[in-house]
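Enquirer: I am attaching a structure below and will ask some questions about it afterwards.
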Amino acid sequence: MPTVLVRPTDSFSRVSNFAIIDSTLREGEQFATAHFDTQTKLAIARALDDFGVDYIEVTSPAASEQSRSDCEAICRLGLRAKVLAHIRCHIDDARIAADTGVDGLSVVIGTSHLLRTYSHGKSMAAILDQATQVIQYIQSRGLEVRFSSEDSFRSDLVDLMSLYRHVDRLGVNRVGIADTVGCADPRQVYDLVRTLRGIVSCDIETHFHDDTGCAIANAYAALEAGATHIDTCVLGIGERNGITPLGGLLARVYTAARDYVTGKYQLRQLGALEALVAKAVGIQVPFNNYVTGSASFVHKAGIHSKAVLNNPATYEVLNPEDFGVTRTVAIGHRLTGWNAIKARVDMLGLASVVDEAGCKEITRVVKERADCEGTLGLEKVDELIREFVERQQQQRVIVGSAKAGLSSVDSAACLLAGESATASAASMPTSAVV
Ligand SMILES: CC(=O)SCCNC(=O)CCNC(=O)[C@H](O)C(C)(C)COP(=O)(O)OP(=O)(O)OC[C@H]1O[C@@H](n2cnc3c(N)ncnc32)[C@H](O)[C@@H]1OP(=O)(O)O
Ligand SMILES: O=C(O)CCC(=O)C(=O)O
Ligand SMILES: [Zn+2]
């Protein structure tokens, strides 16, 4: 099991006690190449539910007739996860959504000067009035309600806190902070969530875009500051370059709360879930994707390989087995080392015939070949190992023959019997030939 350094957390931290609101079927539908048909939405919803997310957020039923009926179809699945519809802070949208069978509504409205000026054109006072009307309507329908401010990090702090305090007093289940343009850094996130934690008594949801590469770190900082709910999308899809990825968030939290993460989520299903969504939106899972990327558990450099073969925790903070993926130690390249080659020799059952010096000689040949040919496949490395063993056996025959009194000419003929042996004989240590 990997050994990780877990920092002590303060009493605000929710790192080992939070809920995931997966928004692949809402924010994810806003991804450039996304268009989910009904069957795909149902398949993704089921997979998310099986994986163990707490909530599934879907596109506003007011967006289109198909969006509305798909929302109803998802609700009819009877999933364990709660289904939330994401809506504008508008009574018409709330009415349409409340009739679909969802468990709750996620209400949002922009509060930054930019959005108030160029999007909906409302003053903070008008937002407060409209929020009150919509929230009270949703409550009257007996549904869970979350109220969120779009572009929170570019909004006036006093305006924002007054609005949150107001909706908290109305009894919303959650308030939401959204870094809509991905401008926030973890420190700003920590400060804002911590401030909000002191102002509202309800739960706190957070939503982070990844425009500047902080989406996972920001989500983690939010948890440390007391956020209770984190929005994610599978593979981090969403508007522009998306939001906090589900797998990446769990990888991050795993380092601090492994038992919580492994106990709550079906981590071994992550790869299949990602493959499903990647196919649905027509993308490849990136090579460096958290946990499931093709290179995520490939160890290459000789120094790394030796240590990993002795104890994987030396260069792994995540245990791939927990996520149902496998580790690879790549040995067929010029950065390899004799310890890695020895491990392969052992795997091939040749430990008794190839000693340390032999492993070092094979390593030298592998590097020499890789310098000329580039990366060598495992078959090629195995071939080089077997050639070495053959040469060694032939040399033993020669030495044995010489000791029995055969002429040096006969010995040489024996050594050069095979062409490959001839080619490589020059690289053999002379002492072995004598
Ligand atoms: C940051 C986010 O991702 S928020 C979620 C974004 N999700 C969506 O936009 C869902 C898909 N959207 C849609 O299908 C459509 O935009 C609809 C159905 C919501 C609205 O469509 P339309 O009525 O044609 O309006 P349009 O999209 O052109 O403009 C948005 C309207 O909502 C208003 N608006 C924008 N944000 C909000 C808000 N948070 N709350 C209330 N009203 C808002 C705008 O002022 C504008 O109103 P207008 O009709 O008076 O100009
Ligand atoms: O509803 C929210 O909290 C977030 C809305 C959104 O997608 C965003 O602001 O980026
Ligand atoms: Zn968003």
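Enquirer: If I ask for residues that are more than 20 Å from residue 146 (Cα to Cα), out of contact with any Lys or Arg (no Cβ under 8 Å at 6 or more places or on another chain) and outside any helix (DSSP H, G or I), which ones from the range 211-237 would you list?
Expert: 212, 213, 214, 237
Enquirer: Which one of these does residue 148 not meet: (1) in a loop (DSSP other than H, G, I, E, B); (2) among the polar types (S, T, N, Q); (3) within 16 Å of ligand 3 (Cβ to nearest atom)?
Expert: Every condition holds for residue 148 apart from (1).
Enquirer: If you don't mind, another one. Taking residue 379 as meeting all but one of (1) among the acidic types (Asp, Glu); (2) surrounded by 19 or more Cβ atoms within 10 Å (Cβ to Cβ); (3) not assigned by TED's automatic domain parsing to the domain that holds residue 41, write down the number of the exception.
Expert: Just one mismatch for residue 379, condition (2).
Residue-by-condition table, conditions (1) outside any helix (DSSP H, G or I); (2) surrounded by 15 or more Cβ atoms within 10 Å (Cβ to Cβ):
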{"position": "340", "(1), (2)": "no, yes"}
{"position": "352", "(1), (2)": "yes, no"}
{"position": "358", "(1), (2)": "no, yes"}
{"position": "368", "(1), (2)": "no, no"}
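Enquirer: Would you kindly identify the helices (runs of 4 or more DSSP H) lying entirely within the range 43-122 that contain at least 1 residues that are of a type in the set (A, V, I, L, M), surrounded by fewer than 19 Cβ atoms within 10 Å (Cβ to Cβ) and within 16 Å of ligand 3 (Cβ to nearest atom)?
Expert: 113-118
Enquirer: Right, another one. Kindly indicate whether residue 259 is within 30 Å of residue 189 (Cα to Cα), outside any loop (DSSP other than H, G, I, E, B) and not assigned by TED's automatic domain parsing to the domain that holds residue 211. Walk me through it before giving the result.
Expert: On the way: within 30 Å of residue 189 (Cα to Cα): yes; outside any loop (DSSP other than H, G, I, E, B): yes; not assigned by TED's automatic domain parsing to the domain that holds residue 211: no.
Taking the combined requirement at face value, the residue does not satisfy it.
Enquirer: Further question: Please indicate, with yes or no, whether at least one residue in the range 39-53 is within 16 Å of ligand 1 (Cβ to nearest atom) and either at pLDDT 95 or above or among the aromatic types (Phe, Trp, Tyr) (or both).
Expert: yes
The values are calculated or read from the model by the stated rules, or taken from the named source; none is laboratory data. Predicted model only: the values in this text are computed from it and were never measured. All Cβ positions, glycine included, derive from the backbone under ideal geometry; neighbour counts span all protein chains shown.
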